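Report on the structure given below.
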Amino acid sequence: MVADFVSADYGWLQSPDRKEHAHVLFKAGKAWDGYFTNDDIVAQTKRAMDILSRHYPHEDHVFIFDNAKTHLKRANDALSARKMPKFPSESWGVMVVAKDSTGKLVRDVNGNTVKEKIRMADTQLPNGIPQPLYFPEGHKRAGWFKGMAQILIERGYTGASRLPAECKDFRCPSDRTDCCCRQLMYGQSDFANIESIIETTCRSHGFEVIFLPKFHCKLNFIEQCWGYSKQIYRMKPRPSSEEMLERSVVKSLEAVPLETMQQ
């Protein structure tokens, strides 16, 4: 597979001398390079931002991504009320895929990914005061997760302990936002406005990000570029080696005219 960035002004993202580029050729599959994950996308985006900052600093750049799970992924410890228990828990945490010191996935003897439990990140109260989600040292339940009720009580919802954890099947009344703890948590601004890793990364480098609607028209700019390059590739002779295949893919992408991109 191939991943790249493209602009209607400049074409495929590369330096003016074409020595630097942002495309990634990836052999997808468990026995090859694995799968193109959010980590891979973030690394590619960082390289793209480096190229843009060095060679096109006079432009305002906005990254546009498909509305895909790999693009929308949040930090592993990002705030989420989805599975929070109502009451304090000594064992509750966020289950994530384990990685070794080099950043590679940890697998068991059967080749399955290994998961580990981590703490959810702390947050802050509406007035800006830090709010840990776990009881502090010195507390009789030090290190325990506080639970939704306690988190809400600290935010001024004194009756939170009397609310159910969530409405049956989480089908809350349409005219209420305080029917259950989970609904109240979902409505908290810090829980509702969580950036994706891509957004956080780009913003820290001074770049904006836009995500396309989940169901977008296949006539959009990105889809047209891929479609044109695939047509060119299919017209070429069948490659007899992996090296020839990669070279043919790159040439097919380079063959997309800027005028076609601008249509």
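Here Tyr134 qualifies as under 16 Å from Lys83 (Cβ atoms) and out of contact with any Ser or Thr (no Cβ under 6 Å at 6 or more places or on another chain).
Let's see how each residue does on (1) touching a strand residue (DSSP E or B) at 6+ places or on another chain (Cβ under 9 Å); (2) among the small types (Gly, Ala, Ser); (3) not assigned by TED's automatic domain parsing to the domain that holds Phe26:
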{"position": "Lys46", "(1), (2), (3)": "no, no, no"}
{"position": "Ile64", "(1), (2), (3)": "yes, no, no"}
{"position": "Asp100", "(1), (2), (3)": "no, no, yes"}
{"position": "Asp108", "(1), (2), (3)": "no, no, yes"}
{"position": "Gly111", "(1), (2), (3)": "no, yes, yes"}
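Among the residues of segment 109-141, those identified as of a type in the set (Asp, Glu) and surrounded by 10 or more Cβ atoms within 10 Å (Cβ to Cβ) are Glu116, Asp122.
Of the helices (runs of 4 or more DSSP H) lying entirely inside segment 140-195, those containing at least 3 residues that are farther than 20 Å from Ser89 by Cα and not aromatic (Phe, Trp, Tyr) are 189-192. The listed residues are Ser91, Ser101, Ser80, and the only one of them that is in contact (Cβ under 8 Å) with a residue 60 or more places away in the chain, in a loop (DSSP other than H, G, I, E, B) and hydroxyl-bearing (Ser, Thr, Tyr) turns out to be Ser80.
Being assigned to a loop (DSSP other than H, G, I, E, B), more than 21 Å from Glu90 (Cβ to Cβ) and out of contact with any strand residue (DSSP E or B) (no Cβ under 9 Å at 6 or more places or on another chain) is a property that Glu137 lacks.
The values are calculated or read from the model by the stated rules, or taken from the named source; none is laboratory data. Source: prediction; values computed, not measured. Quick reminder, even Gly has a Cβ in these numbers, built from the backbone with ideal geometry, and neighbours come from all protein chains shown.
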